[in-house]
Each structure stands twice: as structure tokens, then as C-alpha cells.
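Worksheet: one structure, shown below.
The values are calculated or read from the model by the stated rules, or taken from the named source; none is laboratory data. All figures in this text were calculated on a predicted structure; none of them were measured in a lab. Glycine also receives a Cβ, built like all others from the backbone with ideal geometry; neighbour counts cover every protein chain displayed. The accessibility values were calculated without ligands, DNA or RNA, using every heavy atom of the protein model including side chains. Shrake-Rupley method; radii C 1.70, N 1.55, O 1.52, S 1.80 Å.
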Amino acid sequence: MKKVLFVSTPADFIRIFLLPFARHFRNKGWQVDGMAAGISSRPVYKEYLDNTFEMDWSRNPLQSLSRFTQTVTKIRSIVEAGEYDLVHVHTPIAAFLTRLSIRDLKTKKRPKVIYTAHGFHFHPAGNILKNRVFLELERLAGRWTDFLVVINHEDKIEAERYRIVDPLHIRYMPGIGVDTNLYRKENITLDAVEGVRQELSLAAGTPLFLMVAAFDRRKRHQDVLHAMARLERQDAHLAMAGGGTCLLEMKELAQRLNLQERVHFLGFREDVPTLNRAAVAMLLPSEQEGLPRSIMESLCLEVPCIGSNIRGTRDLLSDGCGILTEVGNVDAITQGMNRILAGPAEAREMGARGRRRMKDFDVGIILKLHEDLYEEALTGR
């Protein structure tokens with residue numbers, strides 16, 4: 001039996017992105033284990049994974065480093081005892097600490113290590129000093145990496161430019177996959193859409209914009225709020241789904257902009273596809289992304305998107321599949337929103353074009369690419 005260990009910093013990453021991979025490889029006879037913070041908190045992990053390992057780390061590097069010795073010791077013991085064929089790491093903190101911990105592992109069967117970079121933390125909008133630190137950490141950890149997977153074209157160029165790993169061991173994959181059969185507009189009933197509109201007390205004909213993103217400064221929620229305040233149609237509403245560290249700050253900004261009656265902070269939602277179909281467009285003005293899942297889902301559902309002209313988002317929205325705006329350009333976001341409202345036919349065509357593009361990002365394609373990569377890692381073929 002072949003064995004693979006999936007590693008991420010928060011368990012939610014495994015739940016949201018990697019469970020289809022766990023199911024797929026278990027169905028092929030693999031043992032699939034998972035290691036993350038919070039992985040013991042939900043029964044779903046026991047359902048999809050053979051073994052789970054709880055880790056006391058976080059996205060905060062300082063917190064994770066404060067427990068460095070215990071973390072390294074625990075990772076080494078888990079990997080040694082598991083006798084894995086592959087260790088596939090995701091998310092920066094977990095990926096770095098895991099590769100560091102097992103870099104010199106001397107076992108009969110040393111696992112091959114694959115790292116999927118979900119958007120490098122050095123990027124054009126980043127601080128120069130931070131960019132240099134993140135780049136050097138990637139180059140350091142690259143020494144302990146057998147294969148590097150990148151999910152957008154810019155990261156592939158940067159990985160080759162800086163030789164983070166041997167260029168022959170860099171693999172581009174179009175994201176982590178989205179189930180295009182699941183995310184179909186036909187799967188969302190009119191009653192469900194109407195239920196959302198009633199929940200938000202929207203009158204007939206009232207347009208709704210949507211943003212689905214963690215309230216993290218890199219997502220730039222403030223740009224959307226300022227754009228809403230400048231919008232020509234003052235009857236339009238905005239729904240923001242998600243939670244995070246700057247949620248309270250954004251609520252206070254909405255109050256200052258006198259938007260409290262038109263902006264709805266929804267928190268975590270299980271019905272994001274229905275929210276999409278209730279909206280005229282999705283917005284994501286981030287300064288940093290890998291390949292944004294929220295936009296991928298919206299495009300599958302034929303909902304037009306307005307996103308920042310950055311790596312990952314550009315891969316999805318270029319060539320008329322959406323509207324691209326420069327980071328921080330509130331006027332451009334406002335113009336994009338006005339364009340959606342003034343041109344419903346163009347918006348529909350944009351959504352249809354986006355749906356066609358998403359065929360290349362279907363999870364079935366990504367699973368096959370992972371099969372091929374795992375085979376190459378284990379056999380050299």
C-alpha cells in the first residue's frame with residue numbers, strides 16, 4: 001500500500017481543498033493521512049483520512065517558532081513512524097517546518113516531498129524587505145523539496161527565475177481544482193435565490209454585489225466599500241461573506257461611509273453558490289492571490305467578476321472573462337460595477353465566457369495531474 005501525508009497549517013485548508021484528493025487516492029488503494037492544526041475538531045477528517053495528527057502551529061510565524069523544537073521533534077516522529085512514500089505540503093508555515101524537520105531524515109524509505117505553493121508570499125505589491133525574506137525562505141526550503149507545484153503562470157516564471165528548485169522539477173497545475181459539475185447555475189433553484197434576497201430585505205430589481213473573502217488586509221475590502229459609496233446607483237447592495245481580523249474595522253468604515261443600510265456582513269456561509277447566483281457580480285480587489293477559489297466558483301456559476309490585475313486572478317479573468325482593475329484603484333472598481341449594472345447582456349456573456357474557461361480548471365484534470373506527478377516522484381517515469 002502506498003502512503004501519502006497531506007500537511008497544511010490549518011485543518012480547514014484540508015477540508016476546503018484537499019478532501020477530493022484524499023477520497024480519490026484512497027479509492028485507488030492508498031493510505032492517506034493528514035497533519036494540521038484543528039484536524040481533530042471535526043468528524044469529516046476521520047471520514048476522509050486514515051490517520052490524523054494534531055499540530056500546535058498557526059499562521060503567525062512567531063507563534064509557530066516559539067514551539068519550534070517540540071514541533072520539529074513531533075513532525076520527525078510522525079513521518080518516521082508513518083513510513084510514507086510521499087509527503088505533500090501546503091501553506092507556508094506548515095510547508096517550511098515540515099520540510100525543515102525531515103530534510104535529513106535517515107530512514108529505510110525516505111519520502112519524496114512535494115510542495116504546492118498557493119501563491120508565493122513575495123509579490124509586486126509586497127514590502128521590499130518582506131519580499132526578500134520570503135524569497136530566501138522559499139529558496140532555502142527548495143533544497144529539501146523534490147517537486148514544486150505552482151498554480152499560476154507568474155509563480156512558475158518566478159520559481160524558474162530564482163531557481164527555487166531545479167526547473168526540471170517545477171510543475172504548473174491550474175489550481176487545486178473546482179468541481180464544475182457541482183458548481184452549475186442549474187443546480188441553484190430560484191426559490192433558494194429568492195430566499196437570500198428576502199433574508200437581505202432586497203426589493204425587486206435591487207442589484208446585489210458579492211465579495212467572499214477572509215477579512216485580511218491583503219484582500220482590500222476597504223476598496224469595495226469606497227467603490228460602493230461612489231456608485232451611480234445608490235440602491236445597490238453589497239454582501240460580504242467571511243470572517244477575520246479586520247472585520248470590525250470594515251464594519252466601522254461602512255458606518256462612516258453611510259453604507260450601513262446597503263452593506264451586509266454575513267460571516268461564514270455554507271450557501272456561497274446561492275449567494276453567487278443572487279448577485280450581479282463577484283468582487284475581489286486583493287493585492288495578493290494564488291488562484292482565488294471564490295472567483296473560480298463564481299465563473300463556474302456564470303457570475304461575472306471584477307478582480308485586481310494580479311497573478312492568479314489575471315489567469316482567470318483575462319481575455320474578456322471578467323473585469324481587471326489595478327490594485328487600490330477605487331475609481332476603476334466603481335467603473336467596473338457601473339459597467340455591470342449598465343450592461344446586463346455584456347455581463348451575461350462575460351459569465352458564459354468564464355464558465356467555458358473553467359473547463360481547464362476542473363478537479364478531474366487536476367486529480368489526473370496529481371496522479372502523474374506522484375507516479376513520476378515515486379518511479380522517475
| field | Search result, residues across the stretch 121-151 that are at pLDDT 95 or above, part of a loop (DSSP other than H, G, I, E, B) and not aliphatic (A, V, I, L, M) | value | Arg143, Trp144, Thr145, Asp146
| Does Tyr162 count as in contact (Cβ under 8 Å) with a residue 12 or more places away in the chain, surrounded by fewer than 17 Cβ atoms within 10 Å (Cβ to Cβ), in contact with a strand residue (DSSP E or B) (Cβ under 8 Å, 6 or more places away or on another chain) and of a type in the set (Ser, Thr, Tyr)? | no
| task | Pick out the one residue from Gly307, Gly354 that is buried (at least 22 other Cβ atoms within 10 Å of the Cβ) and in a strand (DSSP E or B). | result | Gly307
| remark: By residue number, the members of the stretch 262-281 that are over 15 Å from the mean Cα position of the chain (by Cα) and either of a type in the set (D, E, K, R) or within 24 Å of Thr91 (Cβ to Cβ) (or both) are Arg262, Gly267, Phe268, Arg269, Glu270, Asp271, Arg277
| Yes/no for Leu259 being open to solvent by less than 10 Å² (accessible area, probe 1.4 Å) and not in a strand (DSSP E or B) | yes
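Looking at the stretch 2-27 only, could you name the residues that are closer than 14 Å to His370 by Cβ, in contact (Cβ under 8 Å) with a residue 12 or more places away in the chain and not in a strand (DSSP E or B)? Explain how you work it out, then say what you get.
Quick first cut of the stretch 2-27, residues closer than 14 Å to His370 by Cβ only: 2, 4, 6, 17-27.
Next, from what is left, pick out any that are in contact (Cβ under 8 Å) with a residue 12 or more places away in the chain: 2, 4, 6, 17-26.
Lys2, Phe17, Leu18, Leu19, Pro20, Phe21, Ala22, Arg23, His24, Phe25, Arg26 - these are the residues of the stretch 2-27 that are closer than 14 Å to His370 by Cβ, in contact (Cβ under 8 Å) with a residue 12 or more places away in the chain and not in a strand (DSSP E or B).
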| request: Could you please tell me which pairs satisfy a Cβ distance under 8 Å, a separation of 6+ or placement on different chains, a first residue in the stretch 311-337 that is open to solvent by 40 Å² or more (accessible area, probe 1.4 Å), and a second residue that is acidic (Asp, Glu) and part of a loop (DSSP other than H, G, I, E, B)? | output: Val327/Glu287
| Mind checking which pairs have a first residue in the stretch 36-48 that is over 17 Å from Thr71 (Cα atoms) and a second that is part of a loop (DSSP other than H, G, I, E, B), Cβ under 7 Å, 6 or more apart or different chains? | Tyr45/Ile39
| Top-ranked residue of the stretch 183-230 - restricted to ones that are polar (S, T, N, Q) and within 29 Å of Phe13 (Cβ to Cβ), ranked as surrounded by the fewest Cβ atoms within 10 Å (Cβ to Cβ) | Asn187
| note | Every listed condition ((1) touching a strand residue (DSSP E or B) at 6+ places or on another chain (Cβ under 7 Å); (2) open to solvent by 40 Å² or more (accessible area, probe 1.4 Å); (3) within 20 Å of Thr9 (Cβ to Cβ)) holds for Pro111 save (2)
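On the basis of being open to solvent by less than 60 Å² (accessible area, probe 1.4 Å) and out of contact with any Phe, Trp or Tyr (no Cβ under 7 Å at 6 or more places or on another chain), does Leu341 make the cut? Spell out the reasoning first.
Details: open to solvent by less than 60 Å² (accessible area, probe 1.4 Å): yes; out of contact with any Phe, Trp or Tyr (no Cβ under 7 Å at 6 or more places or on another chain): yes.
Judged against the criteria, Leu341 is a match.
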